[in-house]
Amino acid sequence: MYKKQMVFQKITCLFCVISSAMMAIYSLGILTDIYDSFYSTMTNPNDLTDTKVPGSIIYYDMQGFNKLFLYFSIGLILLSCLLYLTNTNVRRKYYVGNYVSTIIYAVAALFVSIWSHVQISGFKKQFLTTVDFAALEEFAKLWKKTYSESTFWFDLHYFVGGLVILSAILLVINLFWKRKMMAEEDRLIEEGKEALA
């Protein structure tokens, strides 16, 4: 049973790193379609209301969020690496550092996932309700620019955020499983001592 738990532990820690990295990559790509479609529609950076496509200001509205999202994602990668610095992936018995790194990562992963979901859902709604797609299509044809009504990059956050939440859940499950195994090991050691006495 201990062997299964140790394998699960290694896989879980690796999954935390991979899912955090995927979130960082996603944060770099989320504005891809928005940039391609809207950046060139605003020719006056000093007056963002001067645009050929009403609603294109969403590109600038998302800048602050996107920057913070990238920072949070990088922070999540660093916290997942903390699991390795504390040997959480291979340690037979957990110590304070292992509990701390596990809890910090799990809380941060849940926070970033929920926060980004709320933000991205709001921007998706703004995209669908404020953008004049007829004007965007006309502009795209005239200037041979990208035209897209797709919400793919907005919707992708369900998958990426879901992976990060899953990694946090698996890490917490591993923590409870580890505590149970440690308690069982301590009990067997105590029984062995009593039998020798």
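All of the numbers you see were taken from the coordinates with simple rules; none came from a lab. Since this is a predicted model, take the numbers as computed values, not measurements. All Cβ positions, glycine included, derive from the backbone under ideal geometry; neighbour counts span all protein chains shown.
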Exercise. Report, in deg cm²/dmol and to the nearest 500, the calculated mean residue ellipticity at 222 nm for the chain, where each DSSP H run with n ≥ 4 adds -39500 (n - 2.57) and the sum is divided by the residue count.
Key: -27000 deg cm²/dmol
Quiz item: Please identify the trypsin sites (Lys or Arg not before Pro) of the stretch 1-110 that satisfy two criteria: DSSP loop assignment and at most 13 other Cβ atoms within 10 Å. Which are they?
Solution: R92, K93
Self-check item: Cβ-defined net charge surrounding A183, 12 Å radius [Lys, Arg +1; Asp, Glu -1]
Solution: +1
Quiz prompt | the stretch 80-132: chymotrypsin sites (Phe, Trp or Tyr not before Pro) falling in loop per DSSP and having at most 13 other Cβ within 10 Å | solution = Y95
Quiz item: Treating the beta-carbon of each Lys and Arg as +1 and of each Asp and Glu as -1, no other charges, what is the dipole magnitude of the chain about its Cα centre, to the nearest 20 debye?
Solution: 840
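Calculate the FRET efficiency for I103 and W143 from the Cβ-Cβ distance with a Förster distance of 45 Å, rounded to the nearest 0.05.
On the way: r = 52 Å, r/R0 = 1.15.
With a Förster radius of 45 Å, E is 0.30.
Give me the net charge of T49's neighbourhood, meaning all other residues with Cβ under 15 Å from the Cβ of T49; Lys, Arg count +1, Asp, Glu -1.
Details: positive: K52; negative: D47, D50, D61, D132.
Overall, the nearby charge balance is -3.
Exposure proxy check: H157, H117 ranked by fewest other beta carbons within 10 Å? Before the final figure, lay out each step's value.
Working: H157 22, H117 15.
Fewest-to-most ranking of H157, H117: H117, H157.
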Quiz item: What's the exposure ranking of V164, V96, going from fewest to most Cβ atoms within 10 Å?
Solution: V96, V164
Quiz prompt | Counted charge near S148, where neighbours are those whose Cβ lies closer than 11 Å (Asp, Glu -1; Lys, Arg +1) | solution = -3
Quiz item: What's the extension gain from F111 to A183 if we count 0.36 nm per residue and subtract their Cα-Cα distance?
Solution: 22.9 nm
Quiz item: To the nearest 10 degrees, how steep is helix 96-130 against the longest Cα principal axis of the chain, on a 0 to 90 scale?
Solution: 20
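Could you list D132, D50 so that the one with the fewest beta carbons within 10 Å of its beta carbon is first and the one with the most is last? Walk me through the numbers before you get to the answer.
Working: D132 15, D50 11.
Result, fewest neighbours first: D50, D132.
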Quiz item: Based on the Kirkwood radius over alpha-carbon pairs, what value in µm²/s does the Stokes-Einstein equation return for the translational diffusion coefficient of the chain at 25 °C and 0.890 mPa s?
Solution: 126
Exercise. Using only Cα atoms, find the angle between the long axis of helix 2-29 and the longest principal axis of the chain, and express it within 0 to 90 degrees, rounded to the nearest 10.
Key: 20
